Ligand code: F0G
C-alpha cells in the first residue's frame, strides 16, 4: 500500500532500543512498542558527543543541538523556531519560599505555547523522512495544538483525538486553526489514547505522535542541555508536572547524556508533581509496586488529567535513578500558585504548569539549592478560570477613581 509508512531505516550514529529487553528495533512498530517484549522504546545515541560538538552548534533552539539528536542527514528539519526558551529567576516568590536560587524554565514561550513543540519538531521531521502521510495523537490539548502546527508546516495531514469535554478552548482553537481534524471521545485522555493505539495498529498509514514515540522524547531532552547552559551548572532539583510521564523521562535522559558525554559530573534530582485527583505515578512511587491505572482522574489541571500514563516506567526510573520523588498537590494549591506566579512574577502559566510551583511549599528544599521548575504551558491558552476576576469595572465615576489610583 503506497500510504504505508516506511518504518525500516538504516540509522547512522544512533539506534532504537527497548528499555526492558535492550533489543534493537530495526523496524518501528506502529504503536512505538518493542516487538519482542512490548515495552517502551528509546533512542540510544552511539559514541561520545563532546561539549564543543553539542554546544557550539548553529541554528535556532532545538536544532542547535543536532549533534546529540537522532537525525537523518539530508532531511530538512520541520521547525517553527522551538526551544531556546528563557530561564527566569523568580525574585519575588522565592523569598516566601526561602529559596535563593529558584528559576522557571518558561517553555510556554515555544511557538504553540508549550514544551510539546520541542519533541514535535523532531518527531515530525522523522515522520516526514519516513514518508508518513497522516499523523495522529491523543491529547489533553497541548500535544494536539503542537502536532497540528508542525503537521501544517510539514504539509502532512493531522488527526487529533481529545476528551470531548474539559479541553481548554484555546488549545482546541489552535488545533482547528492549524487545520487538524479534531475528534472528541467520551471519558478521559486514557480513552482517547486507547482508541488511537488501536487505530495505528490496524491502519499502517498513520504515524503515532504521542510521547510513546521515542523521537518526541529526543526533542524534549534538549531542555536539559539548555537548563545546564543557562544556569551555568547542573541544578540540584528539576520539578515538573507529570501527566502521561514523557517529559520527566525526557529531561532526565538529557541530563544523563550530558554526564555520559563527560560534559557534567553530577545529576539533578527529578521531582514529579501530580494533581491529587490524577496521581497514579505518585501512588506507584509511594507503594513501590508499579502503576495501578486510575479509572476516573479528576483535576482542575486538565492537561495532566490522566489516569494511565504510558511512560510510567521511564518516569519512575528517572525519579528513582536521580534520587528524586513524586508527590501530589491539591487543586486549591495549584490555583494559588498559579495566581502568585502571574501576580507576583508576571508569569502566566496554565494550571498544570503551576503544579511544580505549588509543590515547593511541601518539598522543603534547603535554601541554597538550585531549583528549576518547568513552566510547561502558556496560560493564554486557558483563561477560563480567570473569568471571575475579569469583571471589568464599569462605574460612572471611573475617571475619578482611576485618577485616585495613580496616587499610591
Ligand atoms: N504540562 C502541560 C502543560 C501539558 O500539556 C502536559 C501534557 C504535561 C505538563 C505533562 O507532560 O505528559 O509528558 O508528563 N500534556 C499532554 C497533551 C498529555 O496531550 O497535551 P507529560
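Since every read-out is calculated from the coordinates, none of them should be taken as a lab result. Here the structure is a predicted model, which is why all the values come from computation and not from measurement. Neighbour counts are summed over all protein chains in view; Cβ atoms, including those assigned to glycine, are modelled from backbone coordinates with ideal geometry.
Tell me the relative contact order for the chain as a rounded percent, counting alpha carbon contacts under 8 Å between residues six or more apart.
Averaging sequence separation for qualifying contacts and normalising by length gives 17 percent for the chain.
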Checklist outcome for this item: Pseudo-spin-label distance residue 44 to residue 332, built 7 Å along Cα→Cβ, given in nm, is 4.9 nm
Next on the checklist: Relative contact order of region 68-121, please, whole-number percent, based on alpha carbon pairs below 8 angstrom and at least 6 residues apart.
Outcome noted: 38 percent
Checklist entry - Taking square-rooted eigenvalues a ≥ b ≥ c of the alpha carbon gyration tensor, is region 1-47 rounded, prolate or oblate, where a/c under 1.5 means rounded and, failing that, a/b exceeding b/c means prolate? => result oblate
Next on the checklist: Looking at the chain as a GNM with Cα springs under 10 Å, which of 281, 258, 147 has the largest mean-square fluctuation?
Outcome noted: 258
Item to check | residue 129 paired with residue 265, simple spin-label distance in nm, labels 7 Å along Cα-to-beta-carbon | outcome: 3.5 nm
Item to check | Within the chain, helix-based [θ] at 222 nm, where runs of 4 or more DSSP H residues each add -39,500 (n - 2.57), nearest 500 | outcome: -11000 deg cm²/dmol
Checklist entry - Taking the Cα atoms of the chain, what is the range of coordinates along each of the three principal axes, in descending order and whole Å? => result 72, 46, 45
Checklist entry - Nearest 10 degrees, 0 to 90: what angle lies between the long axis of helix 214-231 and the longest principal axis of the chain (Cα atoms)? => result 50 degrees
Item to check | Zone residues, region 263-278, relative to residue 233, backbone N less than 16 Å from point 7 Å out along Cα-to-Cβ | outcome: 264-269
Checklist entry - Which whole-number percent is the relative contact order of region 1-76 (Cα, under 8 Å, 6+ apart)? => result 25 percent
Next on the checklist: Give the separation of the Cα centroids, region 80-135 to region 178-211, in Å.
Outcome noted: 23 Å
Checklist entry - Nearest 10 degrees, 0 to 90: what angle lies between the long axis of helix 142-154 and the longest principal axis of the chain (Cα atoms)? => result 60 degrees
Checklist entry - Across bins of 10 angstrom width beginning at 0, how are the C-alpha pair distances of region 209-358 distributed, in whole percent? => result 12, 40, 36, 11, 0
Checklist outcome for this item: Rounded to 0.05, the calculated FRET efficiency for the beta carbons of residue 362 and residue 383 at R₀ = 30 Å is 0.65
Checklist entry - Under the classification rounded if a/c is under 1.5, otherwise prolate if a/b is larger than b/c and oblate if not, where does region 37-196 fall, given a ≥ b ≥ c as square roots of the Cα gyration tensor eigenvalues? => result oblate
Checklist entry - Angle between the Cα long axis of helix 246-260 and the longest principal axis of the chain, 0 to 90 degrees, nearest 10? => result 70 degrees
Checklist entry - Using a basic spin-label model with each label point 7 Å from the Cα along Cα→Cβ, how many nm lie between residue 286 and residue 164? => result 3.4 nm
Checklist entry - So if we plug the beta-carbon distance of residue 55 and residue 396 into 1/(1 + (r/R0)^6) with R0 = 45 Å, what FRET efficiency do we get, rounded to 0.05? => result 0.15
Next on the checklist: If you restrict to DSSP beta bridges whose two residues both lie in the chain, what percentage is antiparallel, to the nearest 5?
Outcome noted: 30 percent
Next on the checklist: Suppose the chain between residue 15 and residue 405 were pulled fully straight at 0.36 nm per residue; how much longer would it get relative to their current alpha carbon spacing?
Outcome noted: 134.1 nm
Next on the checklist: When a/c reaches 1.5 or more, the comparison of a/b and b/c decides; with that in mind, is region 1-79 rounded, prolate or oblate per its Cα gyration tensor?
Outcome noted: oblate
